[in-house]
Amino acid sequence: MENARARIIVVDDEDLVRELMALYLKSDRRFLIDEAADGFTAVSKTMMKDYNLAILDIAMPHFNGLEAMKHMRINCPNLKFIIVTGMMDKDLLRECDSLGCRVIRKPIEKKTLLDAVYSTLGKELGAA
């Protein structure tokens, strides 16, 4: 994906949190950012566009983050995921690990988010 831009969808039902994550990501010109306020909308968007990365909240209306992730993988089989959550129970961490996605805890700091994105996208970004 060298010279191309990574398409990222940020999904969180809390407007302020979603908009802040999108703002953090827009500081890197290698990213094209889309947003969705719930899992259903995110799944619909993956039917229309290919994304490189989805950043998903766990607790959302319609589909929670894990349900949305399972549906989004059908539309974008190579899509990578980062889960953001305020709750860090062992079962959730185990399930996320089994699904191959990184987890970061809310409240989210810019450096933490960007480091997770760079690490998750890795070689797709070229030199990070």
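The values are calculated or read from the model by the stated rules, or taken from the named source; none is laboratory data. Because the structure is a prediction, the values reported are computed rather than measured. Every residue, glycine among them, receives a Cβ derived from its backbone with ideal geometry; neighbour counts consider all protein chains shown.
For the reader, a short list of remarks on this structure follows.
- Residue that is modelled with pLDDT of 95 or more and within 13 Å of the chain's Cα centre (by Cα), where the choices are 22, 68: 22
- Just one of the listed residues (124, 35) is free of Cβ contacts under 8 Å to residues at least 40 places away in the same chain, surrounded by 13 or more Cβ atoms within 10 Å (Cβ to Cβ) and acidic (Asp, Glu), namely 35.
- Test: residue in the range 85-96 that is under 18 Å from residue 121 (Cα atoms) and either in contact with a Gly (Cβ under 6 Å, 6 or more places away or on another chain) or in a loop (DSSP other than H, G, I, E, B) (or both): no
- Condition check for residue 52: under 15 Å from residue 120 (Cβ atoms) and either aromatic (Phe, Trp, Tyr) or modelled with pLDDT under 95 (or both): no
- Condition check for residue 117: of a type outside the set (Asp, Glu), in contact (Cβ under 8 Å) with a residue 12 or more places away in the chain and in contact with a Cys (Cβ under 6 Å, 6 or more places away or on another chain): no
- Set side by side, the residues 98, 27 differ, and just one is hydroxyl-bearing (Ser, Thr, Tyr), out of contact with any Cys (no Cβ under 6 Å at 6 or more places or on another chain), surrounded by fewer than 17 Cβ atoms within 10 Å (Cβ to Cβ) and over 23 Å from residue 114 (Cβ atoms), which is 98.
- Of the residues making up the range 74-90, at least one is of a type in the set (Val, Ile, Thr), over 21 Å from residue 113 (Cα atoms) and either surrounded by fewer than 20 Cβ atoms within 10 Å (Cβ to Cβ) or without any contact (Cβ under 8 Å) to a residue 60 or more places away in the chain (or both).
- Test for residue 109: is it among the acidic types (Asp, Glu) and surrounded by 14 or more Cβ atoms within 10 Å (Cβ to Cβ): no
- Selected residue [touching a helix residue (DSSP H, G or I) at 6+ places or on another chain (Cβ under 7 Å), farther than 19 Å from residue 29 by Cα and part of a helix (DSSP H, G or I)] from 47, 60: 47
- Residues (among the small types (Gly, Ala, Ser) and assigned to a loop (DSSP other than H, G, I, E, B)) located in the range 1-44: 4, 27, 37
- Matching residues in the range 38-72 - criterion: being surrounded by fewer than 17 Cβ atoms within 10 Å (Cβ to Cβ) and closer than 20 Å to residue 5 by Cα: 47, 48, 49, 50
- Scanning the range 60-73 for residues that are touching a strand residue (DSSP E or B) at 6+ places or on another chain (Cβ under 8 Å), in contact (Cβ under 8 Å) with a residue 40 or more places away in the chain and farther than 16 Å from residue 120 by Cβ gives 60, 68.
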